[in-house]
Amino acid sequence: MALPVYHITVSDNEYQQLTSDIWSDTFVNGTMQMDGKPLPIRIRYRGGHTRGYVKKSFEIRTSSRTFHFNAEYDDPSLLRNALSFRFFESLRVPAPSTQHCILYLNGQLEGVYLCIEGVKSFFFRQRKMPVRSIFYAVNDHAGFALNSTEANSDLLSGYTLIRGKDEDRTRLRTFIQQLNTKSRQDLLRFLQARMDTDNYLRWLSGAVLTGNFDGFHQNYTWYEKIKTRRYGILPWDYEGTWGRNCYGARVDPNLVRIQGYNKLTGRLLAFRLFRQQYKRMMKQHLTNVFTEKRIMPVVYRLHGQIREAVEQDPYMKWPMNVFYGEPEKIRTYVAERREYLQKELHRL
């Protein structure tokens with residue numbers, strides 16, 4: 001199946017503004033050929049250290065939607081994000097939809113990109129999940145810990161409010177404070193009342209299984225449902241997974257412990273009720289979902305779809321023999337990770 005091709009056109013003045021400061025979050029105007037029609041867009045660079053790369057990632061907004069065009073420059077497979085989000089969906093955790101594509105900017109081939117659905121209001125509306133607030137965990141200060149040296153205002157320094165009001169910031173700040181200060185007896189009732197604990201444990205198992213070391217203190221979306229007034233969580237930025245870190249370096253398949261990390265995870269798993277639920281989930285996932293039989297057909301399909309286009313990518317960072325070998329690297333990771341986690345189940 002041929003990959004979709006997107007042609008983005010930006011005027012000389014707007015292009016000058018875009019490229020003059022790669023660290024700016026200011027959008028410029030342009031058009032994008034989408035489904036054969038020119039669509040007015042706003043475009044900016046996105047990402048942290050990746051903005052310094054020759055192949056940059058973009059955030060693109062239409063009148064109603066937001067898309068992230070990720071260069072996947074550090075990932076030699078270019079498919080770890082796509083594979084991870086599909087995997088989370090199989091765990092019944094909402095995750096952004098993705099589509100590999102070929103991108104041109106002002107007639108210049110930029111290469112293979114992963115178009116990722118923005119997690120904003122439209123995302124939740126489409127899934128019939130009315131939400132009151134949406135937060136992005138944008139740096140490693142989003143681990144739910146209460147540092148005694150911090151003022152209250154710093155409790156949210158790891159978050160960006162995407163949808164909501166000041167009162168929603170206050171509610172999240174209060175949640176973090178109470179999570180850290182409630183007695184054990186009160187804490188259980190508090191967690192059950194304020195969180196979708198089933199969703200959190202499913203997300204936790206996904207982060208642990210895929211080995212996203214950075215995914216516990218950042219790189220997630222935190223939202224509050226309108227009807228239940230409970231918080232939920234979903235994954236974001238899962239490039240550093242399946243045996244490689246966010247820079248593409250290979251890592252020990254046992255890098256991430258089965259208990260996961262962050263203050264909320266620790267307080268939740270301190271209760272036998274949640275530990276047993278998590279343990280049952282992990283056993284089920286290791287038997288039915290996190291298996292070579294289930295995962296590798298997805299890997300081979302995604303890899304096969306992009307192979308020809310990757311060979312023509314002018315900014316491919318990795319030698320092609322590394323790209324060709326990535327399915328086997330992922331298969332090895334799954335096998336070794338399964339073996340490790342099955343041994344670790346008794347520790348829960």
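Taken together, the values in this text are just the output of simple stated rules run on the coordinates, not laboratory data. Small disclaimer: the values here were computed from a predicted structure and weren't measured. Glycine gets a Cβ as well: all are built from the backbone with ideal geometry, and neighbour counts include every protein chain shown.
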Checklist line | Karplus-derived 3J(HN,Hα), 6.51/-1.76/1.60, for each residue of the stretch 307-313, Hz, glycine and proline x | finding: 3, 4, 5, 5, 4, 9, 5
Checklist line | Long-range HN-HN contacts of L39 with modeled amide H, under 5 Å | finding: M32, Q33, M34
Notebook entry, point to check: Too long at a 28 Å Cα-Cα cut-off: which of K165/K227; K128/K165; K120/K182?
Noted result: K120/K182
Checklist line | Most mobile listed residue (R92, R337, R244) in the chain, GNM with C-alpha springs under 10 Å | finding: R92
Checklist line | Integer Hz, Karplus 6.51/-1.76/1.60 couplings in order for the stretch 322-335, x for Gly and Pro | finding: 5, 4, 4, x, 5, x, 5, 4, 5, 4, 4, 4, 4, 4
Next item on the list: Report, to the nearest 10°, how far helix 197-210 tilts away from the longest principal axis of the Cα atoms in the chain, using its own Cα long axis and a range of 0 to 90°.
Entry: 60 degrees
Item checked: Stretchable slack from K293 to D166, in nm (0.36 nm times residue separation minus alpha-carbon distance) -> 41.0 nm
Notebook entry, point to check: Amide H of G111: which non-local residues (sequence gap of 5 or more, or other chain) have their own amide H closer than 5 Å, using H built in the peptide plane?
Noted result: L103
Note to self: Under a crude label model (7 Å from the Cα following the beta-carbon direction), how far is S64 from F190 in nanometres?
What the structure shows: 4.2 nm
Notebook entry, point to check: Please identify the chymotrypsin sites (Phe, Trp or Tyr not before Pro) of the stretch 1-87 that satisfy two criteria: DSSP loop assignment and at most 13 other Cβ atoms within 10 Å. Which are they?
Noted result: W23
Margin query: Springs between alpha-carbon pairs under 10 angstrom, Gaussian network model over the chain: which of N212, N199, N13 fluctuates most?
Written below: N13
Checklist line | Likely footprinting exposure, E224, E308, fewest C-beta neighbours within 10 Å first | finding: E308, E224
Next item on the list: Find which of L114, L103, S84 sits farthest along the positive direction of the dipole of the stretch 5-117, computed with +1 on the beta-carbon of Lys and Arg, -1 on that of Asp and Glu, about the Cα centre.
Entry: S84
Next item on the list: Specify the residue with the greatest mean-square fluctuation among L91, L302, L109, computed from a Gaussian network of the chain linking alpha-carbon atoms under 10 Å apart.
Entry: L109
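Neighbour counts of other C-beta atoms within 10 Å: give me R194, R307 arranged from fewest to most. Present the calculation step by step, with values, prior to reporting the outcome.
Numbers: R194 18, R307 14.
Going from sparsest to densest Cβ surroundings: R307, R194.
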Margin query: Can you compute the charge dipole magnitude of the chain about its Cα centre, using +1 on each Lys and Arg Cβ and -1 on each Asp and Glu Cβ, nothing else charged? Give it in debye, rounded to the nearest 20.
Written below: 1960 debye
